[in-house]
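Structure first, then comments.
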Amino acid sequence: MSNTKLREIPSVSELLKSPELVEASERLSPAFVASAVREVLAGIRSDIVSGAGGGGGDADLSTEAIVDKALALIETSLTSSLKRVINATGTVLHTNLGRAYLSEAALRAVVLAGRGAVNIEYDLKKGSRGGRGERDSHVEGLIKELTGAEAVCVVNNNAAAVLIVLNTLADGREVVISRGELVEIGGSFRLPDIIEKSGAKLKEVGTTNRTHPADYSGAAGAETALILKAHTSNYRVVGFTTGVALAPLSGIAKKAGVALVEDLGSGALVDLTELGLGERLREPLVKESIEAGADIVTFSGDKLLGGPQAGIIAGKKEYIDLIKKNPLKRALRVDKLTTAALAATLREYLAYAGSENLAKKLPTLKYLTRSIEDIEEVATEARGLIAGALGEGFEVEVAGGESEAGSGSLPEEVIPTKVITVSHADKKPEEISRLFLDSKTPILGRIKNDLFTLDMRLVEDARDVVPVI
Ligand SMILES: *Cc1c(COP(=O)(O)O)cnc(C)c1O
């Protein structure tokens, strides 16, 4: 039975003569079209042999049916797997959803740089190729201005920034760090692993909850290259705790003749409390770390800063010069698109810092400081639309909720928000979540207390959270 059926399958060359596939082969790569046909035929053959898909007896082996399948497969293969999704999770900087949304100015800069040639490493005044580090010149001045640092170097992300700083300054030597700061940040960044990969030797001091000045001064010796302070981005040790602040640590480092490096993680450029966030939501500023005596500060481009993925290294010129000369800099350098987006983002800070217009320009700051009334207005409209779209049996309500900054920024602190809860007597929250995920533009909510919720903090158009199947 299956043998007869297998013999009925049209050949690849026969199928490729169909007008639709001839057209596709003229438009697209002929090899790609032929391979789609082969893949469809392989699927049909294995269904017949295994008896799947109706026992092989009634599989449609007409040329039209197979051509349709091949065309569908071609279309799926050419659709990007990376698509727009709606972030209704309540996490503003969601690492799995690409963190910061770029400003309009940054987007324009990316398009301009992507479309053609730009002077990424070309000195237009001299009319010659820029030297080492010229790539960073497009952002260096801006970051110096905004942080008070002497020099700046930019790499692919903050993990890379920490890696290259340690490799440059501490390869084969000791890095002294408090036991309470040996952090693991989401997305598999573990400080002890980065220290090891950099070639440096980890020297832990203090205990998980308490580290004293004497712990540092006692540990920093002839083998020590630097003292590292890491922002415990995504957790807090509470209760009986002591740490050593940057300013006294700077004194200890100077006395021991070693560098003081701070991994700030998010690294804010402006005080968010001035934009209306509560005092508890204050993140340390890069400027403050430099002022307090850090020789080097590293931070991310796509966390609170609100720009593209990048790792920024700001600090003393003597150290930054060494870092720029490390061959790893070439391996970790950023491209013209990142440079363009980062420079445009930084220029917004330069132009608008201290003005409430800054939050209008940078989406990350806008959403973090969005008023509850504004969120509620969209939530109320969306509630009606969702209830209408889902129909009978679903309960859709507006309720209070809690958003978070995410990506280890503003840890623990939650920001009051408005959410929409969706429930159904006969459906589990996971089933409701699936319904929203299967929407044409996938909608990502969160299940909290056994209830599916959509946080409206990042949603501006109520229609965005109405599932379209
Ligand atoms: C987020 C974070 C990192 C990693 O930064 P990426 O830009 O994600 O590479 C490193 N250190 C700290 C303290 C962080 O918060």
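The values are calculated or read from the model by the stated rules, or taken from the named source; none is laboratory data. Predicted, not measured: the structure shown is a model, and the values here were computed from it. Every residue, glycine among them, receives a Cβ derived from its backbone with ideal geometry; neighbour counts consider all protein chains shown.
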Only unsatisfied item for Ser433, checking (1) touching a strand residue (DSSP E or B) at 6+ places or on another chain (Cβ under 6 Å); (2) outside any helix (DSSP H, G or I); (3) hydroxyl-bearing (Ser, Thr, Tyr), is (2)
Do you know which of the residues in the range 448-469 that are of a type in the set (Val, Ile, Thr) and over 22 Å from Gly406 (Cα atoms) is surrounded by the most Cβ atoms within 10 Å (Cβ to Cβ)? Val466
List pairs: first in the range 38-55 and more than 20 Å from Ala72 (Cβ to Cβ), second part of a helix (DSSP H, G or I) and modelled with pLDDT of 80 or more, Cβ under 9 Å, 6+ apart or cross-chain? Val49/Leu6; Gly55/Ile48
Being within 16 Å of the ligand (Cβ to nearest atom), small (Gly, Ala, Ser) and not in a strand (DSSP E or B) is the filter here, so list the residues in the range 168-188 that pass it. Gly180, Gly186, Gly187, Ser188
Scan the range 438-466 for residues that are at pLDDT 95 or above, of a type outside the set (Asp, Glu), within 17 Å of Thr91 (Cα to Cα) and out of contact with any Pro (no Cβ under 7 Å at 6 or more places or on another chain) and jot them down. Pro442, Leu444, Gly445, Arg446, Thr453, Leu454, Met456, Arg457, Leu458, Val459, Val465
Sole exception among (1) out of contact with any strand residue (DSSP E or B) (no Cβ under 6 Å at 6 or more places or on another chain); (2) part of a helix (DSSP H, G or I); (3) more than 19 Å from Leu444 (Cβ to Cβ) for Glu392, by number: (2)
Report, by residue number, each residue of the range 395-419 that is surrounded by fewer than 16 Cβ atoms within 10 Å (Cβ to Cβ), part of a loop (DSSP other than H, G, I, E, B) and not hydrophobic (A, V, I, L, M, F, W, C). Glu412
Looking at the range 339-376, which of the residues that are closer than 15 Å to Val270 by Cβ and of a type in the set (Asp, Glu) is modelled with the lowest pLDDT? Glu356
It is to be established whether one or more residues within the range 377-394 are on the phi > 0 side of the Ramachandran plot and surrounded by fewer than 19 Cβ atoms within 10 Å (Cβ to Cβ). yes
Here is a check on your reading of the model: is Lys83 buried (at least 18 other Cβ atoms within 10 Å of the Cβ) and of a type in the set (D, E, K, R)? no
Give the range 207-229 a look and list any residue that's small (Gly, Ala, Ser) and surrounded by fewer than 21 Cβ atoms within 10 Å (Cβ to Cβ), or say none. Ala214, Ser217, Gly218, Ala219, Gly221, Ala222
Cβ contacts < 6 Å: first residue of a type outside the set (Ser, Thr, Tyr), restricted to the range 157-170; second residue within 7 Å of the ligand (Cβ to nearest atom), any location; separation 6+ or different chain. Result? Asn157/Gln309; Asn157/Gly311; Asn158/Ser300; Asn158/Gly311; Ala159/Phe189; Ala160/Gly311; Ala161/Gly311; Val162/Asp263
So for the range 349-362 (the condition being touching a residue at least 40 places away in the same chain (Cβ under 8 Å) and surrounded by 24 or more Cβ atoms within 10 Å (Cβ to Cβ)), does at least one residue qualify? yes
